[in-house]
1. Could you say which residue among Tyr45, Tyr80 is more than 15 Å from Leu126 (Cα to Cα) and touching a Leu at 6+ places or on another chain (Cβ under 8 Å)?
2. Scanning the stretch 106-129 for residues that are in contact (Cβ under 8 Å) with a residue 60 or more places away in the chain and more than 12 Å from Val66 (Cα to Cα), which turns out surrounded by the most Cβ atoms within 10 Å (Cβ to Cβ)?
3. Can you find, within the stretch 57-67, the residue that is farthest from Ala123 (Cα to Cα) among those that are basic (Lys, Arg) and assigned to a loop (DSSP other than H, G, I, E, B)?
4. Could you say whether any residue in the stretch 55-73 is of a type in the set (Ser, Thr, Tyr) and assigned by TED's automatic domain parsing to the domain that holds Cys129?
5. Give the stretch 96-105 a look and list any residue that's in contact with a Lys or Arg (Cβ under 8 Å, 6 or more places away or on another chain) and in contact (Cβ under 8 Å) with a residue 24 or more places away in the chain, or say none.
Amino acid sequence: MTSLRRNTTFGFVFLIVLVIGWCLVYPSESDSKNIKYVLWKAGFYRMDLDTALGTMIGDRNREKLVIGKTKDQLRGKFGYLLPPSEAGPYMQACYADSAWKQNATVLLLRRGPWMVKFEGDKATDLMLCKG
């Protein structure tokens with residue numbers, strides 16, 4: 001029993017040291033390796049959604065958050081979706097200059113820099129609009 005208790009204590013201490021180290025190595029919330037963002041992606045942490053959208057820019061696997069998801073699933077993850085007509089002038093211009101304006105349903109993730117193309121109710125493409 002003493003060995004089990006010692007191993008459990010060691011494992012718990014190791015886990016705490018690992019998490020603290022992770023937080024020290026990736027302290028910026030705008031870093032896609034930040035523990036808060038990683039936990040938000042996995043559904044274990046409630047991160048500020050506007051910050052998460054900005055952090056997605058550096059995330060090489062950002063498409064997995066969007067592609068194949070329904071509109072309701074995206075609303076659950078990002079809060080709300082906007083049609084391009086309700087976006088600011090920059091995003092409206094981005095949409096107008098895109099090939100997506102022809103025969104596609106396009107919504108924006110919040111008021112962030114991301115446009116999502118849908119076929120039916122499923123997201124099929126993700127585009128970052130930046131100058």
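1. Among Tyr45, Tyr80, only Tyr45 is more than 15 Å from Leu126 (Cα to Cα) and touching a Leu at 6+ places or on another chain (Cβ under 8 Å).
2. Restricting attention to the stretch 106-129, the residues satisfying the condition of being in contact (Cβ under 8 Å) with a residue 60 or more places away in the chain are 110-114, 126, 128.
Next cut, more than 12 Å from Val66 (Cα to Cα) only: 110-113, 128.
Values: Arg110: 16, Arg111: 13, Gly112: 21, Pro113: 19, Leu128: 12.
Of everything passing the filter in the stretch 106-129, Gly112 is surrounded by the most Cβ atoms within 10 Å (Cβ to Cβ).
3. As a first pass, look at the stretch 57-67 and keep what is basic (Lys, Arg): 60, 62, 64.
Checking the rest, the ones that are also assigned to a loop (DSSP other than H, G, I, E, B) come to 60, 62.
On the way: Arg60: 18, Arg62: 13 Å.
Out of the qualifying residues, it is Arg60.
4. Scanning the stretch 55-73, I find at least one residue that is of a type in the set (Ser, Thr, Tyr) and assigned by TED's automatic domain parsing to the domain that holds Cys129, so the answer is yes.
5. Trp100, the sole residue that qualifies.
The values are calculated or read from the model by the stated rules, or taken from the named source; none is laboratory data. All of these numbers come straight from a predicted model, not from anything done at the bench. So basically every Cβ, Gly included, is an ideal-geometry build from the backbone, and we count neighbours across all protein chains shown.
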